[in-house]
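Novice: Handing you this structure, nothing more for now.
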Amino acid sequence: MSRIGRMPIPLPDGVTADIKGSHVSVKGPKGEIAKAFHPDMTIRLDNGVLHVSRPTDQQQHRALHGLTRALLNNMVTGVTQGFQKQLEVQGVGYRVDQESDGSLTLQLGFSHLVRVAPPEGISFEVDARTKVITVKGIDKEQVGQVTAEIRAWRPPEPYKGKGVRYVGEYVRRKAGKAGKTA
């Protein structure tokens, strides 16, 4: 039995789950998330607790068991607490500003400004003094995807460390040319 898959998911107060076959929607104080799961997985709600079970011990069913439970738990966590990821912009002349409509304007050393509009369900917060961007939302997958897309505009480079990186990310530095250091 999967250790992750067999763990029950308690629904906190104010959170409801609606199960229709393999389609589950979870509604909470921060919003609603709906997701379709593999039809072989059985999801049931007993007294405010979600349970996931699998039909056989085949490799695919064992893998889907833990995955389904983890995704359901992320849905419940998202509608109660939400998720956030932080990026920091480092480099001389690199700046980040937030527009009045919630979108970001990034100066990343290109000849043009980079504008990033938040998709549905995502919000940005910017600390212009420390150049930190906070991406918030209720869907963990969407928060991670938007954060990765912003970082992809200018990933940190190993020589000077300039670029957009996750807060706390370690960037291995390289030495420059041999003649430059002497």
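Novice: Determine, from the Cβ-Cβ distance of Q58 and Y170 and an R0 of 45 Å, the FRET efficiency 1/(1 + (r/R0)^6), rounded to the nearest 0.05.
Specialist: The pair Q58/Y170 has a calculated efficiency of 0.70.
Novice: Let me ask something else about it. Using only alpha-carbon positions, what ratio does the radius of gyration of region 9-80 give when scaled by 2.2 N^0.38 Å?
Specialist: Values: Rg = 11.9 Å, N = 72, 2.2 N^0.38 = 11.2 Å.
Ratio of Rg to 2.2 N^0.38 Å for region 9-80: 1.07.
Novice: With respect to the cross-link table entries K136/K162; K85/K162; K20/K140; K27/K140; K131/K177, which display a Cα-Cα separation exceeding 27 Å?
Specialist: Violating the 27 Å Cα-Cα cut-off are K131/K177.
Novice: Give me D for region 83-166 in µm² s⁻¹, whole number, from Stokes-Einstein with Rh from the Kirkwood sum over alpha-carbon pairs, 37 °C and 0.692 mPa s. If you can, show how the numbers build up before the last one.
Specialist: On the way: Rh = 12.8 Å.
D = 256 µm²/s.
Novice: Specify which residue in the list P118, I150, A70 is farthest towards the positive end of the charge dipole of the chain, using unit charges on the beta carbon of Lys, Arg (+1) and Asp, Glu (-1), about the Cα centre.
Specialist: After comparing all options, I get I150.
Novice: Tell me, H112, H51, H65 in order of fewest to most beta-carbon neighbours within 10 Å? Could you put the intermediate results ahead of the total?
Specialist: On the way: H112 7, H51 16, H65 25.
So the residues, fewest neighbours to most, are H112, H51, H65.
Novice: So for H61, H38, fewest C-beta neighbours within 10 Å to most, what's the order?
Specialist: Least crowded to most crowded, the residues run H38, H61.
Novice: Please determine, in degrees from 0 to 90 and to the nearest 10, the orientation of helix 140-151 with respect to the longest principal axis defined by the Cα atoms of the chain, where the helix direction is its Cα long axis.
Specialist: Here the helix axis deviates by roughly 10 degrees.
Novice: Shifting gears a bit: Working out 0.36 nm times the residue gap between E141 and A70, then minus their Cα-Cα distance, what length gain in nm do you get to one decimal?
Specialist: Once the chain is fully extended between E141 and A70, it gains 24.4 nm.
Novice: Still on this structure, I have one more. Rounded to two decimals, what is Rg over Rh for the chain when you use alpha-carbon atoms and the Kirkwood radius?
Specialist: 1.12
Coordinate-derived values only; no laboratory data. Only a predicted model underlies this, so the values are computations on that prediction, with no experimental measurement involved. Glycine gets a Cβ as well: all are built from the backbone with ideal geometry, and neighbour counts include every protein chain shown.
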